[in-house]
1. Looking at the range 103-126, I want the residues that are at positive phi and have a partner that is surrounded by 20 or more Cβ atoms within 10 Å (Cβ to Cβ) with Cβ atoms under 6 Å, at least 6 apart or on another chain. Which pairs are those?
2. Across the range 161-190, what is the number of residues that are surrounded by 19 or more Cβ atoms within 10 Å (Cβ to Cβ) and in a loop (DSSP other than H, G, I, E, B)?
3. Kindly indicate the residue of the range 63-92 that is modelled with pLDDT under 95 and not in a helix (DSSP H, G or I) and also farthest from the ligand (Cβ to nearest atom) among those meeting that condition.
4. Pairs needed: first member in the range 64-80, over 9 Å from residue 45 (Cβ atoms); second member anywhere, assigned to a helix (DSSP H, G or I) and near the ligand (Cβ under 8 Å from one of its atoms); C-beta distance under 6 Å; at least 6 residues apart or different chains.
5. Kindly evaluate residue 19 against the criterion of being closer than 23 Å to residue 211 by Cβ and surrounded by 14 or more Cβ atoms within 10 Å (Cβ to Cβ).
6. Within the bounds of the range 169-182, is there any residue that is over 27 Å from residue 68 (Cα atoms) and more than 15 Å from the ligand (Cβ to nearest atom)?
7. Among the candidates 18, 6, single out the residue that is under 20 Å from residue 156 (Cα atoms), touching a helix residue (DSSP H, G or I) at 6+ places or on another chain (Cβ under 9 Å) and either more than 10 Å from the ligand (Cβ to nearest atom) or without any contact (Cβ under 8 Å) to a residue 60 or more places away in the chain (or both).
8. Using the structure shown, decide if residue 56 is within 25 Å of residue 160 (Cβ to Cβ), in contact with a helix residue (DSSP H, G or I) (Cβ under 7 Å, 6 or more places away or on another chain), free of Cβ contacts under 8 Å to residues at least 60 places away in the same chain and surrounded by fewer than 16 Cβ atoms within 10 Å (Cβ to Cβ).
Ligand code: ATM
């Protein structure tokens, strides 16, 4: 008898791409068909990593992108060792809202040299734990602008231009990663309806779970 390991499945994308909505739909769906799974997110998932989240989200965050990457990797080690790996070993699929592709996209921004360095840091930090499947919810620049403007009107975005620039650079980062790892990273047009995006996500997950 051999143990069946769970899969690590990540959802990625820029802010306002609809990840949170899709995370809860995935949870509802996997629960309804009795698939053992856990949901988690980064930065976060364990108390030490939540500290890093609050450190980085404090207004006036002045960390360089390498400083951020190192903090995020410190958080990721704790999350991976204490939560992700034990769940995978116990046969539960781990669905994670952001993982190392967020670091590669936000801190790497599509620059091959930076991405190379970040991959080395990831390897040192957590070894060969990489997602089995990454679902990238991609929003084009125009829609991103509209979604962020809506958030700004609701008081959720404070420095609109800074936020918009960061998301545009991160999108460039995701485009680069998608070219580099086409087998692992699946691009999904997030401009479709919530139901359509959810249907495509379910199809990919079923394919990877062999359902
Ligand atoms: P969420 O809002 O999706 O929880 O992400 C928090 C922020 O952390 C998001 N910022 N914006 N804008 C993306 C950023 N982030 C990184 O820059 N690098 C990472 O490795 C992770 C996990 C998140």
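1. 109/173; 110/173
2. Summing the residues that are surrounded by 19 or more Cβ atoms within 10 Å (Cβ to Cβ) and in a loop (DSSP other than H, G, I, E, B) in the range 161-190 gives 1.
3. 64
4. Pairs found: 65/107; 68/107; 69/103; 69/107; 72/103.
5. Yes; evaluated as a whole, the condition is true for this residue.
6. No, the range 169-182 contains no residue that is over 27 Å from residue 68 (Cα atoms) and more than 15 Å from the ligand (Cβ to nearest atom).
7. After ruling out the rest, the residue left standing is 18.
8. Yes: the conditions hold for residue 56.
The values are calculated or read from the model by the stated rules, or taken from the named source; none is laboratory data. The shown structure was predicted, so the numbers you read here are calculated from the model rather than taken from an experiment. Positions of Cβ are backbone-derived with ideal geometry, glycine not excepted, and every protein chain shown enters the neighbour counts.
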